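Worksheet for the structure shown next.
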Amino acid sequence: MLKRFKIFTVITVLSMVFLTNTNADEKYTANECFEKFSRGTLKFNQGLDKAIFKPIAKGYRVLPQPIRTGTNNFVSNLRSLLSFSNNVLQGDLKSAGNTAGRFAINTTVGILGVFDPASKMGFEKKSREDFGQTLGVWGTGPGCYFVLPVLGPTTTRDAAGLIGNVFVDPVYHLTHNSETDIIVGNENLSEHNYYYYRGTDAVDFRSKNIESFESLEENSIDFYASLKSLYLQNRQQRILNSPISNRDSEDSDWEEIDNQ
Amino acid sequence: MKRIFLSFLIFLVGSFLVQTKAISYSSDPESFISEVIDEAKVILSSSSSSEEKADKLSLIALKIVDIKGLAYYTLGKKRKELTPEQLKKYEDLFEKYFLKSFTSRLTDYSDPKISVLSSEVVNNKYTIVKTMLLKTDKKPEVKIDWRVYTKDPDNPLIRDLIIEGLSLARTQKEEFASVLSTNNNDINALFSTLEKFVNK
């Protein structure tokens, strides 16, 4: 436990020391780490997606709507525990309360999270939080951008966040800690269940975005650049917890065009 | 002769009235977007072929989107380095690229259900109109914000679509910048990429 805490602290401190940007303009942009490698990796991922993930997502979509909704609710409920940890780490106690309330209601009244009565009771479903976002909230810049095999687009900060997630995700600890198995005495909490849950979450996400990805691939003149832009914008708005639409109106380029 | 003249006059006035109705949109940004959505819905849910739908949607886009402004914005600072001939060529190519990309994205939806939720005046030049593309059996609901340029209050124009918080204009701009940077900042490389896209 102490060893894990030490590793977590080292990752956090290193990220904050090496990636903190003082320049507000640079806080949300990311230069390329190794573009050639990333472009190659993206091609590999597209091949993998075409051969494996997309067919699985299409198959998943054939399932009746109530089953897909229930599955989505179930994994979202488990995933909310990671959001809760990060709500707390970000000092966003209001959201932490909301997330905890949702989890308590959906796990009990909603039968282990299969149903979502919390939304009907006024507990708003908010966007997911992860440790990469937490580092961003703490002032860490994105570092550079690259594409990971299988996992896709990321930045130095978000890659550090992926590792950090492991330390702050209660579901990971419940499934990977042998002490928990002894206490709970439940075989179902073994490690592979964690990966089933993460895999199901990924398939559910992919199944909802089949057409969007196809449209993006078809209508991009540089798919790699489109994906990079969308990824960085998405991370920016998730860290700020607000859409970027209003801020963009201040873009100096539009000002110049208007004054031409 | 008199009857022919009268028929011609009626046809002329009728055509004018039909056309005026077709091209006049409300100056209120929220109503403007509502009207645009309704017009697009009629086209998308019609039994016309994809090509016919694309042609009709293109005609609407030419009236409601600030395509020239978007072309300049998308090119970024590079536009200042172009000769007038290059700029003209770019504007023409961009318009074709934009219309193809725009209509191709839309024709995927045969019967879109979009609700206009609210609007927010950002300043005297911009109003954000918030809408929601309702979920279907296969697709989740999608928030779509329309950034409407209102400098000329009688003639609002769309400058950006922000889908789930992600700006299409910004994505396009970064895409164009990437094409330029991977080709030694050569505008001809961008021209040929756009031509390839338009002709595919």
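The values are calculated or read from the model by the stated rules, or taken from the named source; none is laboratory data. Source: prediction; values computed, not measured. Positions of Cβ are generated from backbone atoms using ideal geometry, with glycine treated the same way; all protein chains shown enter the neighbour counts.
Structure values in brief
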item	result
In the stretch B:59-84, the residues that are acidic (Asp, Glu) and either within 12 Å of another protein chain (Cβ to nearest Cβ) or touching a Cys at 6+ places or on another chain (Cβ under 8 Å) (or both)	B:Asp66
Considering residues of the stretch A:245-260 that are touching a strand residue (DSSP E or B) at 6+ places or on another chain (Cβ under 7 Å) and surrounded by 18 or more Cβ atoms within 10 Å (Cβ to Cβ) only, the residue modelled with the lowest pLDDT	A:Ser249
Selection status of B:Leu133, within 8 Å of chain A (Cβ to nearest Cβ) and within 18 Å of the chain's Cα centre (by Cα)	no
Those residues of the stretch B:167-194 which are farther than 18 Å from A:Asn219 by Cα, of a type in the set (Val, Ile, Thr) and at the interface with chain A (Cβ under 10 Å from one of its Cβ atoms), in sequence order	B:Thr182
Extreme residue, farthest from the chain's Cα centre (by Cα), among residues of the stretch A:115-158 that are among the aliphatic types (A, V, I, L, M) and either assigned to a strand (DSSP E or B) or farther than 21 Å from A:Arg206 by Cβ (or both)	A:Met121
Conditions (1) surrounded by 13 or more Cβ atoms within 10 Å (Cβ to Cβ); (2) farther than 23 Å from A:Ser127 by Cα; (3) over 15 Å from the mean Cα position of the chain (by Cα); (4) more than 7 Å from chain A (Cβ to nearest Cβ); number of the one not met by B:Tyr126	(4)
Selection from the stretch B:161-184 of residues that are without any contact (Cβ under 8 Å) to a residue 40 or more places away in the chain and closer than 18 Å to A:Ser215 by Cα	B:Leu161, B:Ile162, B:Ile163, B:Glu164, B:Gly165, B:Leu166, B:Ser167, B:Leu168, B:Arg170, B:Thr171, B:Glu174, B:Glu175
Residue that is nearest to the other protein chains (Cβ to nearest Cβ), among those in the stretch A:199-227 that are in a helix (DSSP H, G or I) and small (Gly, Ala, Ser)	A:Ala225
Hey, B:Tyr25 surrounded by 14 or more Cβ atoms within 10 Å (Cβ to Cβ) and assigned to a loop (DSSP other than H, G, I, E, B) or not	yes
Top-ranked residue of the stretch A:162-174 - restricted to ones that are touching a residue at least 40 places away in the same chain (Cβ under 8 Å) and more than 16 Å from A:Asp201 (Cβ to Cβ), ranked as surrounded by the fewest Cβ atoms within 10 Å (Cβ to Cβ)	A:Ile163
Test: B:Leu157 is hydrophobic (A, V, I, L, M, F, W, C), more than 28 Å from A:Tyr224 (Cα to Cα), more than 10 Å from chain A (Cβ to nearest Cβ) and free of Cβ contacts under 8 Å to residues at least 60 places away in the same chain	no
Output for the stretch A:129-149, where each listed residue is loosely packed, with under 14 Cβ neighbours inside 10 Å and at pLDDT below 95	A:Gly139
Failed criterion for B:Lys88 (all others in (1) over 18 Å from the mean Cα position of the chain (by Cα); (2) within 9 Å of chain A (Cβ to nearest Cβ) hold)	(2)
Qualifying residue in the stretch A:88-108 (condition: in contact (Cβ under 8 Å) with a residue 40 or more places away in the chain, assigned to a helix (DSSP H, G or I) and over 28 Å from A:Leu42 (Cα atoms))	yes
